[in-house]
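I have placed the structure first, in the form of structure tokens, so that the comments after it can refer back to it.
The values are calculated or read from the model by the stated rules, or taken from the named source; none is laboratory data. All values derive from a computational prediction rather than experimental measurement. Here Cβ is always computed from backbone atoms with ideal geometry, including for glycine, and neighbour counts include all displayed protein chains. Quick note on the areas: whole protein, heavy atoms, side chains included, nothing else; ligands and nucleic acids left out. Shrake-Rupley method; radii C 1.70, N 1.55, O 1.52, S 1.80 Å.
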Amino acid sequence: MCGIVAYNGTKVAKEILLTGLKSLEYRGYDSAGLALMDKDLKVELIKTEGKVHELEKVLVGHATQESLAPKIGIGHTRWATHGEANITNAHPHQDFKKKLSIVHNGIIKNYFELKQGLEERGIQAKSETDTEIISNLISLELENSSLLEALQSTTKKLDGSFALAILLEGSDEIIAAKQQSPMVIGFAEDGHYLASDSNTVLQYTNKIYKLQDGEIAIIKNNSVQVYDQNLKAIEINIEEAEQISSILSKGPYKHFLMKEIHEQPAVISAIISNCDFSNIEHDFTKIDRINILACGSAYYAGLVGKYLIELWAKIPCEVHIASEFCSFPSLVGEKDLVIGISQSGETADTLAAMRNAESAGAKIMALTNKVDSAIYDLCKPNIYVTPAGIEVSVASTKAFTAQLISLYLLALKIACSTSKISETDYAESIAELRKLPLVMDQVIERAETYREQMLKYSAYRDFLFLSRGVNYPIALEGALKLKELSYIHATGYPAGEMKHGPIAILDQSVPVLTIAINGKSALEQMVYKKTLSNAEEARARKSPSILITNDSNHDVDNIFDEIIRIPNVSQLFSPLIAVIPLQFLAYFIAEDLGKDVDQPRNLAKSVTVE
């Protein structure tokens, strides 16, 4: 899980690479580095531990004069998979002859065996990374072949995922290869760009080519040649995408996270107005079971989706953590629909699970936030791309609510296709959804009130989040957000499950936050009352008690220590609203504790390794 950027052209490479790394830092920020090639085709390595701004400090005063500054370079920002975060393990890495410089995104599963083979030949690695092993393997192949042939031969030995960008001293080319990790080439008048994310390239040009698995590209300042896995030169179709000016603007907000929280009403409104799933080719009447595959926040969105699909469409639905789905034999078949959910479209566990499901005969479709992604290519045309826009902050907010609203609409679509919902109920549900952007705006306007309420709890080190029914997954999401941003231990549970174990940890040092939204139906009222009863069980153990509930629920006024109110909304549609105070809770506490809100430690946004 790392970010790669490279440039070969007529401009100063250093500035382009630094800007590119900043836009890719969501993919990893343990360390960063550049390899720059000067006019004499000599390579200089500059690496630092920590974030890209540390690298930027080191590069102050580095050659910037147009006639002297390097015009060719590769850059990397790292999320550690092999070896701790330090300068030795930072990319770029060089081979044992110091002729080859390489950056790598992905993970090599047979790295240890390859390393042992090299050691038997007397070649000792200086770092703990799998990347250095690749560089040494290529170096050995170079003794009897060209770089193109050496790279091809080496990639055949690698078991795993990789995107590679390589400089060879004495050559004015960048060579790139890809297998299961994203890599995009940009074409511009001033040269050629290469990156792990199209948004990085689209800051400079709208003409792109997505390198395909098994392909190798030779990138010069005035030409690009792509080869297939047999080293046959191929013609490529350059796409024209919508160009962006920058992905690094926070606008008036202190953090990207706050900006993205505020963008949610507009995102939800856009999805409600335009999402019809007309491109989905599957016949839902022939589906006996639906399986949802996802990780992290997307998994919690999937749990809400399960509730809605079974409620409206009456089709059994199972939700799997994608990495677990790959851990046992799949029972899916041709009457199963498997839905993958991935913000980045590159989540390795979800992609692997989707491929397993497809190979077992299941029909597949996906929800993502990225058109130019692996999951899009795997599932097209059976895919919905949410218009959430770029989400820079590592902790998901608007992408999560975009997934939620998409699942509401998909569940209604399936229910209509299978005639399991009446026209009246469908129309009423859509009408309820159309109200939500305005309600979201009203919740966001209460941010300062929430801040005052929430900062009382920033000194606690453990939290328990409870709810039932459709809001149980929102309790899980709230706990995850608090963990991600503040590093406070937080756990979400179904409220009724609390007394089956978690109650043992409760005392005055463990706040319990409960989501309890009343409703009109007998079932909704039962869920509400039982959730309150569970919350009172926690309060009886002296735990500080926090409640998220509707404005109109005044029967709880003297029961809880803190009541965080949201505008009146029906229980069924409340997850989209109740999650926003939980986003604020995590944000305000993390900010108060001085944590890095947008780039929490140890996390990366695009999880491209299993």
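A compact table of results
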read-out	value
Sequence-separation-based contact order of the chain, relative, with Cα cut under 8 Å and 6+ spacing, percent	12
Additional length obtainable on full extension of the chain from LYS42 to GLU452, 0.36 nm per residue less Cα span	141.9 nm
Phi-based couplings in Hz for the stretch 280-295 (Karplus 6.51, -1.76, 1.60; Gly and Pro marked x)	6, 8, 6, 8, 5, 5, 9, 9, 8, 7, 10, 10, 10, 10, 6, 9
Debye log10 I(q)/I(0) at q = 0.11, 0.15, 0.20 Å⁻¹ for the stretch 1-130, Cα point scatterers	-0.38, -0.69, -1.11
Most positive-pole-ward Cα, ALA313, SER273, PHE256, against dipole of the stretch 207-334 from beta carbon charges	PHE256
Whole-angstrom gap from the stretch 545-610 to the stretch 165-228, using each part's C-alpha centre	41
Environment charge of GLY214, counting only residues whose C-beta is closer than 9 Å and scoring Lys/Arg +1, Asp/Glu -1	-2
Cα centre as origin, Lys/Arg/Asp/Glu Cβ charges: the chain dipole, Debye	680
Hydrodynamic radius (Kirkwood) for the stretch 378-478, which is based on Cα pairs only, to one decimal in Å	16.9
Relative intensity, log₁₀ I(q)/I(0), of the stretch 270-310 from a Debye sum that treats every alpha carbon as a point, q = 0.15, 0.18, 0.21, 0.23 Å⁻¹	-0.52, -0.74, -0.95, -1.05
Gap separating the Cα centres of the stretch 287-317 and the stretch 447-465, nearest whole Å	31
Inter-site label distance for LYS220 and ASP592 at 7 Å from Cα along Cβ, in nm	6.1
Loop-located GluC sites (Glu not before Pro) in the stretch 1-93, at most 11 other Cβ atoms within 10 Å (DSSP)	GLU66, GLU84
Charge-dipole axis of the chain as Lys and Arg at +1 and Asp and Glu at -1 on Cβ define it, positive-most pick from GLY170, SER533, TYR457	SER533
Compactness of the stretch 335-432 - radius of gyration and Dmax, Cα, Å	14.7, 41
Carbon + sulfur, % of accessible area of the stretch 172-299 - ligands and nucleic acids excluded, 1.4 Å	40
Net charge of neighbours whose Cβ lies under 15 Å from the Cβ of VAL319, counting Lys and Arg as +1 and Asp and Glu as -1	-4
Kirkwood-based shape ratio for the stretch 482-574, expressed as Rg/Rh from alpha carbons	0.97
Kyte-Doolittle mean at least 0.0 and Cα axial length at least 20 Å: DSSP H helices in the chain	398-417, 423-444, 472-486, 575-592
The chain: calculated mean residue ellipticity at 222 nm from DSSP helix runs of at least 4, using -39500 (n - 2.57)	-10500 deg cm²/dmol
Entry for mean projected area of the Cα convex hull in nm² (calculated from the structure that is shown) out of (i) 30.9; (ii) 50.7; (iii) 28.1	(iii)
Kirkwood Rh in Å, taken over all unlike Cα pairs in the stretch 306-392	13.4
Accessible area in square angstrom per residue, the chain, 1.4 angstrom probe	39
Cα-Cα pairs of the stretch 458-499 separated by more than 11 Å (percent)	57
